[in-house]
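The values are calculated or read from the model by the stated rules, or taken from the named source; none is laboratory data. Bear in mind that the values here come from a model prediction, so they are computed numbers and not experimental data. Because the Cβ atoms are built from the backbone with ideal geometry, glycine has one as well, and the counts that use them run over all protein chains shown.
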Protein chains: 2
Amino acid sequence: MTIDLKSFSSHHLPLINEEMLETIQVLASEDSLRESMRYSVIAGGKRLRPLLLLATLAFFDHKIEKGHYQLAAALEMIHTYSLIHDDLPAMDNDDLRRGQPTNHIVFGEGLAILAGDALLNEALYLVSDSELDNESKVWLMKQLTLAAGSAGMIGGQVADIEGEERPLSLDELQSVHRRKTGALIKFAVEAGSYLAKVDEHIFIEMGLFAENFGIAFQIKDDLLDVLGDEALIGKKTGMDATLNKSTYTSLLGVKGAQTALQEHYTKAIAALDEVKKIIGKPMEVSLLEQLIETLMV
Amino acid sequence: MTIDLKSFSSHHLPLINEEMLETIQVLASEDSLRESMRYSVIAGGKRLRPLLLLATLAFFDHKIEKGHYQLAAALEMIHTYSLIHDDLPAMDNDDLRRGQPTNHIVFGEGLAILAGDALLNEALYLVSDSELDNESKVWLMKQLTLAAGSAGMIGGQVADIEGEERPLSLDELQSVHRRKTGALIKFAVEAGSYLAKVDEHIFIEMGLFAENFGIAFQIKDDLLDVLGDEALIGKKTGMDATLNKSTYTSLLGVKGAQTALQEHYTKAIAALDEVKKIIGKPMEVSLLEQLIETLMV
């Protein structure tokens with residue numbers, strides 16, 4: 001039977017939110033810090049990375065347990081910290097995020113920086129304190145810090161900021177996004193595959209799925225900036241063009257970007273189909289396919 | 001035979017520096033980010049936390065191995081990240097640190113924030129990737145993120161910034177510093193004791209030593225701000241008074257602060273003596289005593 005993404009989300013997301021809020025509640029030793037962390041954590045967001053992790057576990061019919069919610073919460077906390085820091089005046093200088101004032105607008109820059117620091121720190125606390133076994137914790141910590149760190153997300157953010165000063169090639173653009181958004185997306189899928197104890201060949205296919213998912217996600221984001229409805233996406237559109245920023249649409253045009261999106265979608269689906277064939281999974285529409293389809297509408 | 005702190009430091013510190021620099025070299029995927037991280041890591045500093053960790057291992061005659069250098073390097077990277085972020089305009093707004101321009105003065109605020117983020121992230125990568133066993137890694141990760149996070153160092157920094165707006169009581173001041181500087185110092189000593197596999201009773205005594213060390217360290221810092229030589233300590237003196245900041249000297253006077261420093265020194269030494277008695281260690285002057293004596297000159 002096909003599981004529906006909407007009911008899957010509404011069952012699991014509250015448990016992930018609970019893990020995030022409880023961690024903040026227990027650890028934060030100052031009210032203002034706690035409020036600042038909470039504010040950004042509950043500010044909404046699609047919870048894409050946690051959903052990818054749990055949907056991957058479901059794809060392999062792996063039971064979803066407390067340790068997985070804790071890891072999913074950690075992943076979302078790291079994503080949230082990166083948004084708080086990216087929005088700062090010294091970086092993207094955004095006043096609005098998901099339709100609400102950004103963290104530093106509400107709490108001031110100092111507290112926003114510290115709330116970000118704390119979310120990164122507490123995310124890794126949560127993994128180390130989780131109900132997973134020690135071997136898994138160490139593997140996950142290592143891969144997560146690789147994905148989030150200067151080889152991954154942070155390196156991508158630096159390249160993105162520096163790339164604003166000149167036109168990028170398509171290769172350079174992909175190198176930015178493979179790290180800036182791709183690394184955590186890939187971690188989510190690989191962590192789920194690792195915890196489901198899949199064979200190496202399957203692990204590699206899942207990595208391919210995740211890479212293509214990540215690129216498709218970024219192309220969609222660039223398309224929304226050109227075509228999207230401000231009220232719907234909760235942030236200013238047309239910003240990339242105003243900033244003269246290289247994007248998939250500026251390099252390929254809207255049509256070319258739509259074609260590229262379709263290509264990466266097809267590759268992602270092909271990787272999943274390959275895995276289904278290997279493990280003899282029925283060809284029903286999995287949650288992972290439903291997730292990538294949300295990029296295609 | 002008594003080991004001399006100076007020769008101990010000159011033997012071990014280069015190996016800790018190497019771990020830090022190699023980690024940055026391998027992981028940082030952008031030159032500017034790498035340079036910014038390197039700049040603050042090699043900017044000097046006493047390497048107090050790494051030395052406390054290794055001196056604790058030496059205190060228990062535990063062999064010092066690569067995994068310990070990796071943990072020591074992680075500890076110093078976390079300390080370094082916290083300095084970069086504390087120096088930012090939105091926080092302490094310091095232009096000078098250890099006699100050199102602060103990170104954001106050289107690299108700009110955006111890169112300074114990201115270099116700090118990356119150092120925290122890479123520090124935890126280094127622990128997860130170290131040569132320690134998995135059980136130790138998980139224990140250390142958990143304690144380190146507790147000490148560095150919003151229950152520890154970050155919470156202390158928030159309390160410190162907010163405390164600038166009003167006079168603090170002595171209890172409040174201690175609560176700031178127990179977290180802001182004390183938590184990582186205590187972690188260094190407790191991690192060394194844990195890795196040396198000491199009994200619980202000894203672990204608790206070592207914690208007492210570390211707590212008193214931490215307070216003594218802060219009192220000394222406050223005294224230096226009043227009595228110190230700018231050229232010698234590499235930063236502006238008299239800053240606390242200018243900022244109307246509560247300190248040990250503002251609350252107790254210089255004489256009172258000196259007496260308090262002596263008291264915490266005595267308590268720290270008493271805790272060490274208790275441990276020496278339990279483990280039948282000769283009453284020679286250990287490296288830990290030499291370290292705390294550096295605060296007394």
field: When residues of the range B:15-70 are limited to those that are of a type in the set (Gly, Ala, Ser) and modelled with pLDDT of 95 or more, the one nearest to A:Met153 (Cα to Cα)
entry: B:Ser32
- prompt: Of (1) without any contact (Cβ under 8 Å) to a residue 12 or more places away in the chain; (2) more than 9 Å from chain A (Cβ to nearest Cβ); (3) more than 30 Å from B:Glu164 (Cα to Cα), B:Asn134 satisfies all except one. Which?
  reply: (2)
field: B:His11, sole failed condition from (1) surrounded by fewer than 21 Cβ atoms within 10 Å (Cβ to Cβ); (2) within 13 Å of chain A (Cβ to nearest Cβ)
entry: (2)
message: Within the range B:95-129, take every residue that is closer than 22 Å to A:Asp86 by Cα and acidic (Asp, Glu) and give me the one that is surrounded by the most Cβ atoms within 10 Å (Cβ to Cβ).
response: B:Glu122
task: Find the residue count for the range A:21-57, including only residues that are touching a helix residue (DSSP H, G or I) at 6+ places or on another chain (Cβ under 9 Å) and within 13 Å of chain B (Cβ to nearest Cβ).
output: 15
task: Find the residue count for the range B:97-113, including only residues that are part of a helix (DSSP H, G or I), touching a Gly at 6+ places or on another chain (Cβ under 9 Å) and either more than 10 Å from chain A (Cβ to nearest Cβ) or closer than 17 Å to A:Leu146 by Cα (or both).
output: 1
Helices (runs of 4 or more DSSP H) wholly inside the range B:118-234 containing at least 2 residues that are among the basic types (Lys, Arg): B:134-148, B:170-180
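Yes/no matrix, rows are residues, columns are (1) over 20 Å from the mean Cα position of the chain (by Cα); (2) modelled with pLDDT under 95; (3) surrounded by fewer than 18 Cβ atoms within 10 Å (Cβ to Cβ); (4) closer than 19 Å to A:Ile278 by Cβ:
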site: A:Ala188; (1), (2), (3), (4): no, no, no, no
site: A:Tyr194; (1), (2), (3), (4): no, no, yes, yes
site: A:Ala216; (1), (2), (3), (4): no, no, no, no
site: A:Ala231; (1), (2), (3), (4): yes, yes, yes, no
site: A:Ser246; (1), (2), (3), (4): yes, yes, no, no
- request: Evaluate the following for B:Leu75: is it surrounded by fewer than 24 Cβ atoms within 10 Å (Cβ to Cβ), under 13 Å from B:Ala188 (Cβ atoms) and either under 17 Å from the mean Cα position of the chain (by Cα) or away from chain A (no Cβ under 13 Å) (or both)?
  value: no
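The rows are residues; the columns are (1) closer than 24 Å to B:Gly228 by Cβ; (2) out of contact with any helix residue (DSSP H, G or I) (no Cβ under 6 Å at 6 or more places or on another chain).
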residue	(1), (2)
B:Gly67	no, yes
B:Ala72	no, no
B:Met77	no, no
B:Asp87	yes, yes
- request: State all residues of the range A:58-83 that are part of a loop (DSSP other than H, G, I, E, B) and within 16 Å of A:Asp129 (Cβ to Cβ); if no residue qualifies, say none.
  value: A:Glu65
- prompt: Taking the range B:114-131 only, how many residues are at the interface with chain A (Cβ under 7 Å from one of its Cβ atoms) and touching a Gly at 6+ places or on another chain (Cβ under 8 Å)?
  reply: 5
- request: Could you please find all residues in the range A:251-297 being without any contact (Cβ under 8 Å) to a residue 12 or more places away in the chain, assigned to a helix (DSSP H, G or I) and small (Gly, Ala, Ser)?
  value: A:Gly253, A:Gly256, A:Ala270
message: Looking at the range A:84-93, can you tell me whether even one residue there is farther than 21 Å from A:Met206 by Cα, at pLDDT below 95 and among the acidic types (Asp, Glu)?
response: yes
message: Considering only residues that are modelled with pLDDT under 95 and among the β-branched types (Val, Ile, Thr), which ones fall in the range B:148-175?
response: B:Ile161
statement: When A:Gly152 is run through (1) buried (at least 24 other Cβ atoms within 10 Å of the Cβ); (2) more than 7 Å from chain B (Cβ to nearest Cβ); (3) under 28 Å from A:Val26 (Cα atoms), the failure sits at (3)
Residues of the range B:248-276 satisfying the condition of being hydroxyl-bearing (Ser, Thr, Tyr) and within 27 Å of B:Glu205 (Cα to Cα): B:Tyr248, B:Thr259, B:Tyr265, B:Thr266
query: Before we move on, is B:Val158 buried (at least 17 other Cβ atoms within 10 Å of the Cβ), under 18 Å from B:Leu252 (Cβ atoms) and without any contact (Cβ under 8 Å) to a residue 24 or more places away in the chain?
result: no
message: Suppose the filter is aliphatic (A, V, I, L, M), away from chain A (no Cβ under 13 Å) and under 15 Å from the mean Cα position of the chain (by Cα); does B:Ile3 pass it?
response: no
message: Yes or no: the range B:132-143 includes at least one residue that is under 23 Å from B:Thr249 (Cα atoms) and in contact with a Gly (Cβ under 6 Å, 6 or more places away or on another chain).
response: no
